[in-house]
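The values are calculated or read from the model by the stated rules, or taken from the named source; none is laboratory data. None of the values given here were measured: they were computed from a predicted structure. When we count neighbours, we look across all protein chains shown, and the Cβ atoms used for this are built from the backbone with ideal geometry, even at glycine.
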Amino acid sequence: MDWSDFYVHQAGREVRPTFTAALKAWRDARGEQVGEAVDLGCGDGLETRMLLADGWRVLAVDADQHVVERVTAGTSEAERERLTVRQATYAELVPDGGPVELPAADLVYAGFALPFCTSEVFERLWAGIRASLRPGGVFAGQLFGPKDDFAAWPDTNTHDRADVDRLLSGLEVLRLDEEDKDGTSFAGPKHWHVFHLIARSSP
Ligand SMILES: C[S@@+](CC[C@H](N)C(=O)[O-])C[C@H]1O[C@@H](n2cnc3c(N)ncnc32)[C@H](O)[C@@H]1O
C-alpha cells in the first residue's frame, strides 16, 4: 500500500503520547540508562529520532521505499552510527519457517503499525516481539479492534479485548486503553477502535 498521503498528512505531528508514556515508564525504572530499541512501522521516524537524540541504539523498520531518507532526515553522523534502518515488510522479518529477524531489545515500539499485516504474519511477528524483549523491556503500540474502519482494508488484522489479554499474558500491563469512537484520519472520517498498549517483560 502507498502511504504517501499519510506522510503528507502527518507533517509536523507531535510525538505519539503512547511512545512518550512508554519512555517515561522506562525512565521511572531505569533512570537515564539507555538501551536498544526497535521501531516497527516507523513511518516518518519521529520517535526513532527522539530515541537517537537520547542516546539509544535503534533498529527502525518500515516497508516504505523512502524509509531511509525519511528516518535519517536531520540526524547527526553520531546518531546515524547508532541507527539501522531496514526497509522490509513484517512478513520479511518473520519468513516462513525461518527465525525471527529482530534483535534483543529494551524497547519495542510499534505506533499504529501492527494492524497492517495478515493475522498469520501478525502472530509470528508478535511471537518475535515477545522473544526480543529483554528482561524489563517495554513494548508500546496500538492494535485495532474489530470495529475499526481500517479492518476493511486488505491484509489487516484486528483483535478483540480477549485477544489483547491473551497477547499480553505474562507481561506487566502498564497501559491498556480501548478507544471506540468516531473521528478522522489521513483518509477522512473514520471509526477508530484502538487498543493503546504499554507492557513490560519481567525483570
Ligand atoms: C499508520 S503508519 C504509522 C507510522 C508511524 N509509526 C506513526 O506513528 O506515524 C503505518 C506505517 O506502517 C508501515 N507499514 C504498513 N504495512 C507494513 C508492512 N506490512 N510491513 C512493514 N511496514 C508496514 C507503513 O509504511 C507506515 O509507515
Confirm whether Gln65 is at pLDDT 95 or above, among the polar types (S, T, N, Q), at negative phi and within 14 Å of the ligand (Cβ to nearest atom).
yes
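Answer with yes or no whether Val34 is within 11 Å of the ligand (Cβ to nearest atom) and either under 14 Å from Asp106 (Cβ atoms) or at pLDDT 95 or above (or both). It would help to see each step written out before you state the result.
On the way: within 11 Å of the ligand (Cβ to nearest atom): no; either under 14 Å from Asp106 (Cβ atoms) or at pLDDT 95 or above (or both): yes.
Considered against the rule, which asks whether it is within 11 Å of the ligand (Cβ to nearest atom) and either under 14 Å from Asp106 (Cβ atoms) or at pLDDT 95 or above (or both), Val34 comes out as no.
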Pairs with Cβ under 8 Å, 6+ apart, first in region 40-61 and more than 18 Å from Ile129 (Cβ to Cβ), second near the ligand (Cβ under 8 Å from one of its atoms) and among the aliphatic types (A, V, I, L, M)
Gly45/Val67
Which numbered condition Gly41 fails, given (1) closer than 26 Å to Lys147 by Cα; (2) within 8 Å of the ligand (Cβ to nearest atom); (3) surrounded by fewer than 21 Cβ atoms within 10 Å (Cβ to Cβ)
(3)
If you take the residues of region 143-162 that are of a type outside the set (Ser, Thr, Tyr) and touching a Leu at 6+ places or on another chain (Cβ under 8 Å), which of them is farthest from Gly188 (Cα to Cα)?
His159
A careful count of residues in region 44-62 that are at positive phi, out of contact with any Ser or Thr (no Cβ under 8 Å at 6 or more places or on another chain) and surrounded by 21 or more Cβ atoms within 10 Å (Cβ to Cβ) gives 0
Complete set of residues in region 1-12 that are within 9 Å of the ligand (Cβ to nearest atom), part of a helix (DSSP H, G or I) and hydrophobic (A, V, I, L, M, F, W, C)
Phe6
Let me confirm something: among Arg134, Arg161, which residue is under 14 Å from Leu197 (Cα atoms) and away from the ligand (no atom under 16 Å from the Cβ)?
Arg161
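Given the condition free of Cβ contacts under 8 Å to residues at least 40 places away in the same chain and under 30 Å from Ala151 (Cβ atoms), answer yes or no: does some residue in region 70-83 qualify?
So the first thing to find is which residues in region 70-83 are free of Cβ contacts under 8 Å to residues at least 40 places away in the same chain, and the list is 71-83.
This time we only want the ones that are under 30 Å from Ala151 (Cβ atoms), so: 71.
Within region 70-83 (the criterion being free of Cβ contacts under 8 Å to residues at least 40 places away in the same chain and under 30 Å from Ala151 (Cβ atoms)), the answer is yes, since at least one residue qualifies.
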Could you please let me know if Arg27 is modelled with pLDDT of 95 or more, among the basic types (Lys, Arg), within 23 Å of Val138 (Cα to Cα) and surrounded by fewer than 14 Cβ atoms within 10 Å (Cβ to Cβ)?
yes
